[in-house]
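Below is one structure, written out as structure tokens, with a few remarks after it.
The values are calculated or read from the model by the stated rules, or taken from the named source; none is laboratory data. Here the structure is a predicted model, which is why all the values come from computation and not from measurement. Backbone-built Cβ (ideal geometry, glycine too); neighbour counts: all protein chains shown.
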Amino acid sequence: MSEIPAKAAESKDPSGGARSYTAGAADAPAPRAVTGVGEPPAPGDAMWQSSPPGSIYDYIKVASFSIGPDGLVDQWSLRAEQLFGITAEQAVGMDPIETFVDPDLREQGQRKMAEILDGREWTGVVPFRVPEPRSRGECGEEGLAEVYVMPTLTEDGEKAAVCIVVDVRTLRNIETDLAASQSIFGQSPFGFLLIDADLRVRRANQRFASLFGGTPDDHRGKGVHDYLPRPEADRITATLRRVLETGNAITDMHVTGFVPNTDERRHWSVNLYRVHSGSGRPIGVAWLATDITARRAAAREAAAARRNLALLNEAGARIGNSLDLETTARELLDVVVPGFCDLATVDLYQGLLAGDETPPGLADGSAALRRVAFASAVSDAPFVGGGTSVEVGAVHHYPFNSPCADALRTARTQRVPAEEGGLVQSTLAVPMVAHDTVVGLVQFARTKGSEPFGDRDRDLAVELAARAAVCIDNARLYRREHERALILQRSLLPPGDPVASGLDIACRYRPGNSSSDRPSEVGGDWFDVIELPGHRTALVVGDVMGRGLRAAVAMGELRSAVRTLALLDLEPAEVLGALDEIARGLGAPGGVQQATRSARRPREADLSEVYLATCIYAVYDSVTRRITFANAGHLPPVLVEPGEDALMLDVPPGMPLGVGGEPFEEVDVDLPEGALLALYTDGLVESRDHPLDEGLQAFVGALTDPARPLEDVCDHVLNTLDTHHGEDDIALLMARVQGLPTDSVGDWTLPREPRSVGRAREHARGQLLSWGLEPLVDTAELLVSELVTNALRYGEGEIRLRLLLDRTLVCEVWDSGLVQPRRRRARDTDEGGRGLQLVGLLSTSWGSRRTPRGKTVWFELPLPDGETGLTDPAEALLSLF
């Protein structure tokens with residue numbers, strides 16, 4: 001410790017009282033203002049400071065006092081008052097040894113004092129205690145002081161001493177703080193800088209020097225611009241000034257720069273806070289930096305992974321909502337543009353779109369493709385791939401040596417080189433592979449300014465293309481099965497407009513509405529027009545509940561059953577009863593009996609499928625203009641009589657087919673000439689947006705002009721009810737009554753006697769001649785004779801002969817017998833048994849049916865101008881032998 005002359009620091013009281021002095025600047029309280037050297041103090045200041053900023057005296061509080069020749073205190077500084085807690089008035093005149101030194105050490109202290117007054121300097125550490133309690137009743141404290149005693153002379157030449165005292169506890173605290181600061185600064189794993197008020201590096205630690213080269217001392221005096229590029233350095237400089245001025249700390253500020261002699265971009269997280277001197281004056285900014293380059297890279301990887309997962313999740317939610325090939329391709333592009341790329345196209349094999357069983361991919365990858373989708377986030381121009389511009393919908397080929405052809409050929413992703421001067425800088429050609437089959441190609445492109453595709457992007461592109469490929473392949477399979485089901489369904493419907501005797505018929509069939517995102521499935525709606533013997537017609541409309549191929553197959557089975565039952569000429573209620581049994585047996589492997597047994601065992605009832613269907617079956621007789629209805633849970637028919645409003649006929653609804661257990665009722669309705677009858681399925685009048693009653697009323701209201709051509713009436717109904725039907729199929733069957741004229745019917749009752757055979761031939765001859773059908777007379781006479789003879793031989797009751805002329809000639813022979821005629825082959829030696837064989841040879845068709853009072857046997861002959869020629873009776877007779 002350097003010596004401080006007492007004379008330079010002394011300040012005497014002119015009044016001769018207690019005196020105090022300051023030992024240099026260190027013995028003054030913290031200054032309120034800093035003044036220059038030699039400047040007078042401001043008013044009210046105890047001292048002024050001329051030492052440089054950050055002086056050691058800001059931290060070490062040095063006190064001083066002087067000892068006179070008598071060994072007593074004769075001067076006491078203000079800092080001594082603060083250190084020992086004794087005022088100058090109390091201290092002056094005290095014996096410092098007796099006052100401050102422990103009694104056990106006083107003798108040794110007196111010896112030291114004598115040596116000091118003898119002119120010797122002394123430095124040492126002395127324990128002391130405050131002689132009097134402090135304020136507020138506190139006990140006196142003990143302390144440890146480092147004392148520096150310097151001999152001096154008074155004005156009278158007597159020996160005295162000046163004592164400079166420092167509290168050892170303060171020194172130890174400073175020593176501890178310096179050690180801790182050095183440890184933190186030197187051993188910190190982070191880059192540590194102390195930047196002064198001029199924003200120059202005052203100190204750097206070893207970690208910082210290891211990153212930027214050299215030793216810590218080599219970085220002294222450097223600025224931010226020596227380490228960072230100008231834009232970043234300007235930003236950091238402004239931030240440092242703001243921290244220095246405001247004192248607000250900055251945490252986790254990201255700084256980007258380069259390590260010397262490398263092109264590697266590094267990232268740091270920097271914390272800044274203002275540093276103060278012991279007096280509280282700002283002296284600089286502390287810079288604590290952490291290298292977060294690896295963390296930033298990991299964060300980017302994690303963000304990219306999250307983004308990719310989100311993209312895949314979105315793809316799973318949005319791709320495949322439609323079973324349409326083109327729509328699925330567009331859904332893929334809606335997901336990837338602009339979230340994954342800037343431009344994208346989808347090409348599918350032309351054969352795939354044409355419905356081929358297997359996509360026609362050639363070995364060289366040059367099969368015809370059609371561009372089905374294109375999306376762009378930067379331009380509306382078509383995407384250029386392979387050197388040519390391809391419009392959406394165009395069919396094209398990729399050259400054999402192109403990356404796209406190679407991707408199709410090898411089923412591996414290829415990178416397409418960017419065209420010089422073009423907009424695109426990075427392109428991936430990804431084959432769309434589903435079940436080991438390439439179905440098309442999708443190209444993802446990024447324009448200049450976007451990040452090129454990396455390996456992670458490549459993997460993601462493959463996954464997106466694979467998901468879309470599976471959906472497209474599913475759509476292809478669905479389209480194929482859907483078309484097959486439609487073919488099956490339409491093959492079961494009557495071709496064109498059916499023709500019936502005594503009826504003008506028009507029909508319409510429309511598949512379910514496919515305007516939604518999912519294409520409609522085939523349904524189980526059907527209608528049929530079946531010609532029955534005696535110029536009668538069966539009208540059938542049915543609807544199998546459910547959709548899809550299963551419903552279409554069930555519809556086909558029921559329709560075939562209806563035709564079979566109708567040809568047996570059963571009554572409508574009997575037809576529906578038999579259909580109900582058939583429907584109950586469709587879903588059971590063992591047929592109706594197995595289904596019945598399963599129904600009795602509820603636990604096994606769910607093992608068989610349940611087929612339910614509604615059906616209305618009607619038989620119209622063109623001679624009587626009477627129609628007989630039987631209904632199985634179907635909507636009621638609508639009748640429009642000439643000059644009257646349309647109305648729904650009150651036909652008992654009955655239970656749907658497949659329920660079983662309930663009989664069906666029949667209703668007879670006489671139809672006037674020109675009446676209009678409409679049969680339909682619920683798809684015409686029912687939808688989710690409109691209740692059934694509203695649709696039925698709209699249908700009845702649409703039949704306002706039944707006299708119009710029947711085709712026009714059908715079109716008008718469909719156009720009017722377009723908003724009332726939903727996704728279900730529509731079947732509409734309309735018939736206008738045109739009864740058989742009276743002069744086209746010949747009806748006679750014959751007694752049960754042998755000569756009735758001759759009368760029957762006479763009636764037949766006369767009637768045919770009146771109709772101008774002379775070529776049919778011989779054949780008709782022969783066949784009428786055979787049927788009447790059989791009625792006499794095997795039948796009962798009166799015999800009724802009826803001839804009907806319409807598109808063909810029908811002859812019916814009625815009797816009261818219940819035994820049906822059976823055709824057999826007669827032996828060569830038999831004299832009879834060839835009558836029905838002759839009927840079968842000479843007629844177009846023949847048969848028998850039960851009636852409420854017996855049976856009817858009939859045959860049919862074509863008219864002379866018909867396409868079917870007549871068989872010569874003589875040749876037919878000879879063929880029997």
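Here the range 112-139 is the region considered, the condition is being at pLDDT below 55 and in a loop (DSSP other than H, G, I, E, B), and the residue that is farthest from the chain's Cα centre (by Cα) is Pro133.
Of all residues assigned to the range 355-372, none qualifies as being modelled with pLDDT of 65 or more, out of contact with any Lys or Arg (no Cβ under 8 Å at 6 or more places or on another chain), of a type outside the set (Val, Ile, Thr) and assigned to a helix (DSSP H, G or I). If you go through the range 413-425 and pick out every residue that is on the phi < 0 side of the Ramachandran plot and out of contact with any helix residue (DSSP H, G or I) (no Cβ under 8 Å at 6 or more places or on another chain), you end up with 7.
Per the listing Leu710, Leu732, Leu740, the residue uniquely in contact with a Ser or Thr (Cβ under 6 Å, 6 or more places away or on another chain) and either closer than 30 Å to Val669 by Cβ or charged (D, E, K, R) (or both) is Leu740. Name the residues in the range 92-111 that are touching a residue at least 12 places away in the same chain (Cβ under 8 Å) and of a type in the set (D, E, K, R), would you? Listed by number, the residues that qualify are Asp95, Asp102.
Just one of the listed residues (Val717, Val651, Val659) is modelled with pLDDT under 90 and assigned to a loop (DSSP other than H, G, I, E, B), namely Val659. Among the residues of the range 303-333, the ones that are surrounded by 17 or more Cβ atoms within 10 Å (Cβ to Cβ), in a helix (DSSP H, G or I) and small (Gly, Ala, Ser) come to 2 in all.
Within the range 211-230, the residues that satisfy the criterion of being within 15 Å of His267 (Cα to Cα) and not aliphatic (A, V, I, L, M) are Phe212, Tyr227, Pro229. In the range 670-686, which residues are without any contact (Cβ under 8 Å) to a residue 60 or more places away in the chain and surrounded by fewer than 23 Cβ atoms within 10 Å (Cβ to Cβ)? Across the range 670-686, the qualifying residues are Asp670, Glu686.
Sub-6 Å Cβ pairs linking a first residue in the range 762-776 that is within 13 Å of Arg802 (Cα to Cα) to a second residue that is hydrophobic (A, V, I, L, M, F, W, C), at least 6 apart or interchain, are His763/Trp748; Ala764/Ala780; Ala764/Val784; Arg765/Val777; Gln767/Leu803; Leu768/Leu776; Leu768/Val777; Leu768/Ala780, ordered by first then second residue. Among the residues of the range 334-345, some residue qualifies, meaning at least one is assigned to a helix (DSSP H, G or I), in contact (Cβ under 8 Å) with a residue 12 or more places away in the chain and more than 14 Å from Ala445 (Cβ to Cβ).
Scanning the range 233-281 for residues that are under 18 Å from Val201 (Cβ atoms) and in contact with a Gly (Cβ under 7 Å, 6 or more places away or on another chain) yields a count of 3. For the range 190-213, state whether one or more residues are polar (S, T, N, Q) and either buried (at least 16 other Cβ atoms within 10 Å of the Cβ) or at pLDDT 85 or above (or both). Yes, the range 190-213 contains at least one residue that is polar (S, T, N, Q) and either buried (at least 16 other Cβ atoms within 10 Å of the Cβ) or at pLDDT 85 or above (or both). Restricting the range 551-573 to residues that are within 30 Å of Gly854 (Cβ to Cβ) and touching a helix residue (DSSP H, G or I) at 6+ places or on another chain (Cβ under 8 Å) leaves a set whose member that is surrounded by the most Cβ atoms within 10 Å (Cβ to Cβ) is Val562. Within the range 788-821, the set of residues being within 15 Å of Asp747 (Cα to Cα) and of a type in the set (A, V, I, L, M, F, W, C) comprises Val788, Ile799, Leu801, Leu803, Leu804, Leu805, Leu809, Val810, Cys811, Val813, Trp814. Among the residues of the range 68-123 satisfying the criterion of being β-branched (Val, Ile, Thr) and in contact with a Leu (Cβ under 9 Å, 6 or more places away or on another chain), which is nearest to Glu142 (Cα to Cα)? Restricting to residues being β-branched (Val, Ile, Thr) and in contact with a Leu (Cβ under 9 Å, 6 or more places away or on another chain), the top hit is Ile97.
Does the range 423-443 include one or more residues that are buried (at least 21 other Cβ atoms within 10 Å of the Cβ), assigned by TED's automatic domain parsing to the domain that holds Val335 and charged (D, E, K, R)? No, the range 423-443 contains no residue that is buried (at least 21 other Cβ atoms within 10 Å of the Cβ), assigned by TED's automatic domain parsing to the domain that holds Val335 and charged (D, E, K, R).
The residues of the range 421-441 that are part of a strand (DSSP E or B) and within 20 Å of Glu326 (Cα to Cα), listed by number, are Ala429, Val430, Pro431, Met432, Val433, Ala434, Thr437, Val438, Val439, Gly440, Leu441.
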